[in-house]
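Below: the structure, in structure tokens.
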Amino acid sequence: MSPRDDNDRLRDGDLPADPFAGAKPMPQGDANPEADALESLRELPAECSDAEREAALHEVARILAGRKPLALACARTALAEEFTRRKWPSPAKLASEVVQEAESATSHKPSSTSDGAKPAAHGLQDPEPWPDPVCAGDLLEVLVALFEKYVVLPPGASLMLAVWVLHTWTAHVAAEFSARINITSATMRCGKSQVLKVLRAVVRRPLKGDGMTAAVAFRLIEAYSPTILLDE
């Protein structure tokens with residue numbers, strides 16, 4: 001089938017109820033990452049939140065990371081068909097983005113993480129460590145200034161947030177229990193979402209959890225040990 005015929009088929013919606021039925025994933029040893037990736041999509045409910053869909057796509061990209069080009073090309077077609085069946089916008093483009101994420105993860109995929117969690121394909125990986133020692137006091141001052149620059153906070157809140165940010169980078173090796181932050185305000189539109197935006201830029205492995213189900217949260221926490229940020 002030519003690429004033009006394949007695109008026409010996707011556009012016209014001429015798809016089977018299950019595009020993976022009868023598919024034969026390309027084996028590689030005892031592992032079968034393609035089947036695992038497709039199975040993870042099958043487990044996703046038809047009516048899912050944006051956070052659940054984003055988490056599922058990251059998981060698919062992680063599973064496909066390291067596969068050969070031919071396997072990725074087959075996966076791209078199967079993913080586009082599944083996205084079309086689910087009526088997700090721009091299915092072919094979305095499938096290409098997932099495959100590109102898998103290819104990108106392959107090019108600089110870490111062998112392991114400091115806490116034993118699986119390395120994430122995108123968004124949940126740790127940055128390259130700073131080559132020189134860092135003074136925690138100086139870092140706290142920078143973080144306090146960052147929060148005070150972008151958010152109007154009550155006295156002491158900027159320091160508390162700065163300390164909590166450092167906690168997210170050390171809790172996996174230095175603490176058995178972790179403190180949670182509950183951001184409240186007397187009225188709406190007081191900057192709670194703005195605080196989350198700043199936190200997302202500086203905490204370890206940030207993950208938006210809006211609308212995330214318990215099952216998805218459990219899988220992501222077990223795999224990546226992320227910092228989950230919830231907005232109302």
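The values are calculated or read from the model by the stated rules, or taken from the named source; none is laboratory data. As the structure is a computational prediction, the values presented were derived from the model and not from experiment. Cβ: placed from backbone, ideal geometry, glycine included. Neighbour counts: every protein chain shown.
What the table shows:
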| quantity | calculated |
| --- | --- |
| Some residue of segment 184-197 being touching a helix residue (DSSP H, G or I) at 6+ places or on another chain (Cβ under 6 Å), in contact (Cβ under 8 Å) with a residue 24 or more places away in the chain, surrounded by 14 or more Cβ atoms within 10 Å (Cβ to Cβ) and not in a loop (DSSP other than H, G, I, E, B) | no |
| Only listed residue being over 25 Å from residue 223 (Cβ atoms), surrounded by 13 or more Cβ atoms within 10 Å (Cβ to Cβ) and modelled with pLDDT under 70, chosen from 4, 9 | 9 |
| Test: residue in segment 111-122 that is closer than 22 Å to residue 207 by Cβ, crowded, with 20+ Cβ neighbours inside 10 Å and at pLDDT 85 or above | no |
| Selection within segment 198-225 - on the phi < 0 side of the Ramachandran plot and among the charged types (D, E, K, R) | 200, 204, 208, 210, 219, 222 |
| Of the criteria (1) more than 26 Å from residue 139 (Cα to Cα); (2) touching a strand residue (DSSP E or B) at 6+ places or on another chain (Cβ under 7 Å); (3) not in a helix (DSSP H, G or I), which one residue 220 fails | (3) |
| Breaking point among (1) under 22 Å from the mean Cα position of the chain (by Cα); (2) in a helix (DSSP H, G or I), for residue 160 | (1) |
| Pick from segment 186-232, criterion basic (Lys, Arg) and out of contact with any Ser or Thr (no Cβ under 7 Å at 6 or more places or on another chain), ranking: farthest from residue 40 (Cα to Cα) | 189 |
| Residue match in segment 96-105 (condition: modelled with pLDDT under 75, within 30 Å of residue 219 (Cβ to Cβ) and among the charged types (D, E, K, R)) | no |
| All positions within segment 57-84 that are modelled with pLDDT of 85 or more and surrounded by fewer than 21 Cβ atoms within 10 Å (Cβ to Cβ) | none |
| Check on residue 47, surrounded by fewer than 16 Cβ atoms within 10 Å (Cβ to Cβ), at pLDDT below 85 and not in a helix (DSSP H, G or I) | yes |
| Matching residues in segment 21-40 - criterion: being modelled with pLDDT of 65 or more and crowded, with 20+ Cβ neighbours inside 10 Å | 37, 38 |
| Answer from 176, 148 - the residue that is surrounded by fewer than 16 Cβ atoms within 10 Å (Cβ to Cβ) and assigned to a helix (DSSP H, G or I) | 148 |
